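**Student:** There's a structure below that I have some questions on.
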Amino acid sequence: MESNTAQGTHMYVLSLQNRQMSACTISGTYTPAPWDTRFDILNRLRLDAVRQYPSMEGSIVVYFALEPNELTGPEVDR
C-alpha cells in the first residue's frame, strides 16, 4: 500500500469519556513545533475533540498516545 498524502511527523490517539459514560476517540497525525511538549499537544487535541464533540466538555482522558510517525526495523522497505 502506498500513500501520497502528506502526514505529520507524529501519530496520535486520544480517547475521552464524559460523566454520562459516553466516549470518543480521535486519531491522526501532527507535526509539533520544536518547543511543544507532550502536555501542550494533549491539551490542543482535547480542545479539538471538544470542538468536534461538545458533549466531551469536562471529560477525562482514558487513553493518549503520541509517537513518531515512522516504522523501523529490518522488515520495513524504504
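The values are calculated or read from the model by the stated rules, or taken from the named source; none is laboratory data. Since the structure is predicted, the reported quantities are computational estimates derived from the model, not experimental observations. Heads up, the Cβs are rebuilt from the backbone with ideal geometry, glycines too, and the neighbour counts pull from every protein chain shown. Side chains are part of the model used for accessible areas, which takes the heavy atoms of the whole protein and leaves out ligands, DNA and RNA. Shrake-Rupley method; radii C 1.70, N 1.55, O 1.52, S 1.80 Å.
**Student:** Just the residues that are assigned to a helix (DSSP H, G or I) and touching a Cys at 6+ places or on another chain (Cβ under 9 Å), please, taken from the stretch 1-58.
**Tutor:** Across the stretch 1-58, the qualifying residues are ALA49, GLN52, SER55, MET56.
**Student:** Scan the stretch 6-37 residue by residue and report those that are touching a residue at least 40 places away in the same chain (Cβ under 8 Å) and of a type in the set (Ser, Thr, Tyr).
**Tutor:** THR9, TYR12, SER15, THR29
**Student:** Here's another thing I want to ask about it. Which residues, taken from the stretch 59-68, are open to solvent by 90 Å² or more (accessible area, probe 1.4 Å) and in a loop (DSSP other than H, G, I, E, B)? Working first, answer last.
**Tutor:** Filtering the stretch 59-68 for residues open to solvent by 90 Å² or more (accessible area, probe 1.4 Å) gives 60, 63, 67.
Across the stretch 59-68, there are no qualifying residues.
**Student:** Hey, among THR37, THR25, which residue is polar (S, T, N, Q), open to solvent by 80 Å² or more (accessible area, probe 1.4 Å) and at pLDDT 95 or above? Outline the logic, then answer.
**Tutor:** Numbers: THR37 fails: open to solvent by 80 Å² or more (accessible area, probe 1.4 Å).
Testing whether each residue is polar (S, T, N, Q), open to solvent by 80 Å² or more (accessible area, probe 1.4 Å) and at pLDDT 95 or above leaves just THR25.
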